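Student: First, the structure itself, so that you have it in front of you.
The values are calculated or read from the model by the stated rules, or taken from the named source; none is laboratory data. Note that this is a predicted model, so its numbers are computed, not measured. Please note: Cβ atoms are built from the backbone with ideal geometry, for glycine as well, and neighbour counts cover all protein chains shown. All accessible areas refer to the heavy atoms of the entire protein, side chains included, with ligands and DNA or RNA removed. Shrake-Rupley method; radii C 1.70, N 1.55, O 1.52, S 1.80 Å.
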Amino acid sequence: MDIENATIDHIEQQLLRGEAVIAQVRAAQMVLLREVDRRQTPGADGCRSLVEWVAGRLDIGPDTASTLVTATRRCETLPSVEAALAAGAVTWDRATAAARLAEPDQHHNVLDDVAAFDVAGIRRQVARRQARPRQCRVEIEAVEHRRVGPGEQVALVKLDRQRRAVVAAEG
């Protein structure tokens, strides 16, 4: 490709093709990692976890290894995400973000739910979901450690039970 004479559109298309290849390679790695995990190879090689094994064997950072292993495990129950990744129809970042947002028992395509969001928007949705239970836990701990009078205690116990139900439902 003559880069100096290429149009921006052509350059952008080449970049997008590269992202599709990355997605396809990551999807293939996920299949292989499931087999490595099934065979319990990391433990046999003296590693504490699949993440540690992946980081060492693939010469990638622990964050990248963690993302790859997490996506491998999450996408096992999200065939639509894995299929789109294998086809190069979604980027690696979109697939991993969508997989983090998906509920384990979802029977629809989570990618349809996030189609209107960019990757940063999906990640914000994930962060919001993770922040709610954490905030409830902090409030529960505050209720548990607060000294109150006899009249206030009944109201706090009811509030505590409601918050615990919210944490159990969301967590």
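Student: How much length, in nm to one decimal, is gained on full extension between A83 and H10, taken as 0.36 nm per residue of separation minus their Cα-Cα distance?
Tutor: Full extension of this stretch gives 23.6 nm more.
Student: Compute log10 of I(q)/I(0) for region 11-57 with the Debye formula, placing one identical point scatterer on every Cα and leaving out solvent, at q = 0.16, 0.27, 0.33 Å⁻¹, to two decimals.
Tutor: -0.54, -0.91, -1.10
Student: May I ask for the Kirkwood hydrodynamic radius of region 18-84, worked out over all distinct Cα pairs and given in angstroms to one decimal?
Tutor: 12.2
Student: For region 1-91, which trypsin sites (Lys or Arg not before Pro) are in a loop by DSSP, counting at most 15 other Cβ atoms within 10 Å?
Tutor: Qualifying residues, ordered by number: R39, R48.
Student: Quick one: order C75, C47 from most to least accessible surface, probe 1.4 Å.
Tutor: Order by accessible area, largest first: C47, C75.
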